[in-house]
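Asker: Before I ask anything, let me first share the structure, which is written out below as structure tokens.
The values are calculated or read from the model by the stated rules, or taken from the named source; none is laboratory data. Every value quoted in this text rests on a predicted model; they were computed, and no experiment measured them. Virtual Cβ from ideal backbone geometry, glycine too; neighbours counted across all protein chains shown. The area values use the complete protein model at the heavy-atom level, side chains included, leaving out ligands, DNA and RNA. Shrake-Rupley method; radii C 1.70, N 1.55, O 1.52, S 1.80 Å.
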Amino acid sequence: MGWYRAVGRPLFFSLPPEAAHRVAVRLLDLPLPWSRIGGVPDGVRVETTLAGIRLHNPIGLAAGFDKSCSHLRTLGELGFGYVVGGTITREPRVGNAKPRIARHATSRSLVNAMGLPNPGAEAAARNLAKAPVTSASRFVSLADEALDDAVAALDLVAPLVDGNEVNASCPNVSWGRDRDNETHLEGLVSAFVARTPRPVVVKLPPFASETERDVVLALARIALDAGAAGLTCSNTMPVSDLRLAAGTGGLSGHGLWPMTPSIVSEVRAAVGGDVPVNACGGVFTTADALACIEAGATVRDPRGDELVTTDVGARRQLIAAGTVELLDVLEAGLH
Ligand SMILES: Cc1cc2nc3c(=O)[nH]c(=O)nc-3n(C[C@H](O)[C@H](O)[C@H](O)COP(=O)(O)O)c2cc1C
């Protein structure tokens with residue numbers, strides 16, 4: 001990944017964050033040898049499963065990078081074991097007023113108040129249908145406030161993907177905090193599970209205090225009782241940032257990292273050993289990923305043996321290095 005450090009990173013960091021993202025997405029449109037650029041060598045495979053879905057490797061790309069689900073195939077070619085498109089909603093959304101992403105470059109963190117901009121479920125379904133065969137398993141994240149809308153969006157995309165993620169944790173939409181969260185989540189997950197045979201994973205908010213922890217663990221139990229097949233821990237952490245038009249947003253990246261292993265550990269202790277738990281939040285390095293594994297982010301391998309592997313929301317900037325290193329470490333421990 002030397003080319004990225006030498007050329008790509010300085011270029012991206014010279015641009016405002018949303019412009020850098022647009023450039024990155026445009027680059028993915030180019031017919032380049034993405035598997036080679038991703039650098040995951042052939043034959044290095046730590047296959048595993050996530051909620052019954054076979055994965056080439058346990059490193060996933062979290063929701064938010066490909067909100068229109070139009071580049072999941074290329075992102076898979078870069079080496080991810082699974083990719084999460086969206087978050088999408090039934091109708092298109094423009095999102096919040098700009099500026100809506102602020103960098104904390106020195107602490108390798110971002111604060112975003114995107115407000116779920118996306119082209120809507122019909123357009124996302126068209127994009128998914130254009131590239132049906134992918135090397136990475138595909139999930140789509142969904143987050144409508146109204147149950148009817150969420151179900152209509154699910155019906156459009158679910159037949160085209162391997163699984164779905166319920167975004168029960170976006171700090172930039174209202175139902176995540178202002179409504180009766182537990183009832184709403186129970187209703188959403190039950191409705192989804194009744195309508196799709198594919199796994200439904202629930203993405204939870206992070207927690208920093210005992211009170212928040214109790215709320216999140218209650219949501220986790222409700223999600224699982226309603227039929228969720230796994231949990232993603234966690235989404236961004238609400239913080240204030242006056243550089244954003246909204247004045248507040250969700251913290252991502254290294255600033256989240258100190259919380260991630262302890263959240264995974266507490267969620268694992270609360271839900272028991274069998275539920276897939278995806279670690280997500282500030283995972284930059286192999287050591288970070290392994291700390292998540294040790295904290296309890298575990299899944300089962302396809303042969304049914306218990307394995308120490310995890311589904312890690314890997315840092316986008318370190319796709320190849322992180323994948324290769326982690327696979328090396330995991331393979332060394334497995335064979
Ligand atoms: C610009 C931006 C947009 C995001 N959009 C979404 C989204 O639409 N849905 C979602 O569930 N999470 C979204 N996230 C949160 C990420 O999926 C992830 O949970 C969070 O960034 C923590 O992981 P990280 O530190 O590895 O980035 C977004 C994050 C960023 C930075």
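Asker: Taking H placed 1.01 Å from N in the peptide plane, check which residues at least 5 places from Thr232 or on another chain put their amide H under 5 Å from its amide H.
Answerer: Excluding prolines and chain starts, which carry no amide H, the hits are Val202, Lys203, Leu204, Asn278.
Asker: Right, another one. Dipole magnitude of the range 23-169 about its Cα centre, charges +1 at Lys/Arg Cβ and -1 at Asp/Glu Cβ only, in debye to the nearest 20?
Answerer: About 640 debye.
Asker: Considering only the other residues whose Cβ falls under 12 Å of the Cβ of Met114, what net charge follows from Lys and Arg at +1 and Asp and Glu at -1?
Answerer: Local net charge: +3.
Asker: Then there is this: Considering only protein heavy atoms, what is the solvent-accessible area of Asp214 at a probe of 1.4 Å, reported in Å² to the nearest 10?
Answerer: It works out to around 80 Å².
Asker: In the neighborhood of Val166, defined by Cβ-to-Cβ distances under 12 Å, what is the net charge if each Lys or Arg adds +1 and each Asp or Glu adds -1?
Answerer: Neighbourhood net charge equals -2.
Asker: So, taking all protein chains as they sit and a 1.4 Å probe, how much accessible area belongs to Phe207, in Å² rounded to tens?
Answerer: 20 Å²
Asker: Residues with beta-carbon under 13 Å from that of Glu91, excluding Glu91: net charge, scoring Lys, Arg +1 and Asp, Glu -1?
Answerer: -3
Asker: What do you reckon, how do Arg26, Arg36 stack up by accessible area (1.4 Å probe), largest on top?
Answerer: Solvent-accessible surface, decreasing: Arg36, Arg26.
Asker: Mind checking the full-extension length gain between Asp214 and Arg103? Use 0.36 nm per residue of separation minus the Cα-Cα distance, one decimal, nm.
Answerer: Net length gain for the segment: 36.9 nm.
Asker: Per 0.36 nm of contour for each residue apart, how much would the distance between Ala131 and Ser14 grow if the chain were fully extended, relative to their Cα-Cα spacing?
Answerer: 38.9 nm
Asker: Another question, if that's okay. Which distance in nm do the two modelled labels at Glu145 and Ala6 give, with both placed 7 Å along the Cα-to-Cβ direction?
Answerer: 5.0 nm
Asker: Quick query: amide H of Thr248 versus all other amide H atoms, modeled in the peptide plane; which residues come in under 5 Å with a sequence gap of 5 or more or a different chain?
Answerer: Amide H to amide H, under 5 Å and 5 or more residues apart or across chains, Thr248 pairs with Asp241.
Asker: Once the whole set of protein chains is in place, how much accessible area is left on Met114, using a 1.4 Å probe, in Å² to the nearest 10?
Answerer: Probe radius 1.4 Å; accessible area of Met114 about 30 Å².
Asker: How large is ³J(HN,Hα), in whole Hz, for each residue of the range 139-156 in order, when computed from phi with the Karplus curve 6.51 cos²θ - 1.76 cosθ + 1.60 and θ = phi - 60°, using x for Gly and Pro?
Answerer: My calculation for the range 139-156 gives 10, 10, 8, 10, 7, 6, 6, 8, 4, 4, 5, 4, 5, 4, 5, 4, 4, 6 Hz in order.
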